[in-house]
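The values are calculated or read from the model by the stated rules, or taken from the named source; none is laboratory data. Not measured: the values here are computed from a predicted model. Note that each Cβ is placed from the backbone with ideal geometry, even for glycine, and that neighbours are counted across all protein chains shown. The accessibility values were calculated without ligands, DNA or RNA, using every heavy atom of the protein model including side chains. Shrake-Rupley method; radii C 1.70, N 1.55, O 1.52, S 1.80 Å.
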Amino acid sequence: MYPAEPARTRRTPEELSDRGQRTRRTLIDSAREVFYQHGYLESKLSDITEHAGVAAGTFYIYFDNREELLAQIIAESYADSLDPRGARDVHEGRPLDRIRHGNRVYVESYRSHADVHRIIDEASLVDESIRAMRAARALALFARNAQTIRELIRLGLVSAMIEPDSTARALSLMVSRTCNYVYVQGHELDTYRGRAGARNLAEELSDIWLRALGLNPG
């Protein structure tokens, strides 16, 4: 009788060798493609490991389950739009410039990660943890935009009659739902295709933002 094979030990990303980091990266990239091509609900772990070219058991060195892997994919895509590298502090520079800059970063990130947003739409229907992650990200965006509106009110550029939190929520959702309409659902995609199209869309949405606050977009 042969001794039982020792169980594989789950390792944190920091504990991985360079080769391990590459394998983990391959699993993440493969899962993103598999989820997008086959749908999150229809995708199996064996589909991911086969696409990645690794043994089925290797998966559990890096992730506990499919849900954790999807959460990592989402976290990476959210990082670009919520806290992009080089993003301006909410009190730095002209508030109007921050609005335009923030919308440009958000729209371009949404365009670049449209496949992930489609996966999120599907997964959030059945996975409470994905719904919670999506809600937390939305609340963070609302709060950041509300800070900008409060700064505009403090400077006397926007009427104090405007309620920052509800206004930020409505305008943020206007931007995110429009991006979903264009880049996930594919409506008017020819008009806003590519980086130039995303920039044009961001400028249009920023103009709506500013007019809603009673400001001249110019």
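On the principal axes of its alpha carbon atoms, the chain extends 81, 35, 31 Å, with the longest extent given first. Taken over region 113-187, the ratio of Cα radius of gyration to 2.2 N^0.38 Å equals 1.32.
With a Förster radius of 30 Å applied to the C-beta separation of Ile208 and Ser159, the computed FRET efficiency comes to 0.95. In the chain, taking the dipole from charged Cβ atoms about the Cα centre, the farthest positive-side position among Leu189, Leu27, Ala123 is held by Leu189. Over the chain, DSSP H runs of length four or greater, each weighted -39,500 (n - 2.57), average out per residue to a 222 nm ellipticity of -21000 deg cm²/dmol.
Considering only alpha-carbon pairs that sit under 8 angstrom and 6 or more positions apart, the relative contact order computed for region 140-218 is 28 percent. Note on Met174 and Ala79: with the Förster distance fixed at 22 Å, the Cβ-Cβ geometry gives a FRET efficiency of about 0.45. Roughly speaking, what is the centre-to-centre gap between region 29-62 and region 156-183 when only Cα atoms are used, to the nearest Å? For region 29-62 versus region 156-183, the Cα centre distance is 37 Å. Ligands, DNA and RNA left out, the accessible area of region 63-218 computed with a 1.4 Å probe is 51% carbon and sulfur. Volume per residue of the convex hull around the Cα atoms, evaluated for region 156-218, comes out as 85 Å³.
Just want to confirm a number: the relative contact order over the chain, from Cα pairs under 8 angstrom separated by 6+ residues, in percent.
Relative contact order for the chain comes out at 20 percent.
Full extension of the segment from Glu68 to Leu16, taken as 0.36 nm per residue of separation minus the current Cα-Cα distance, would add 17.0 nm.
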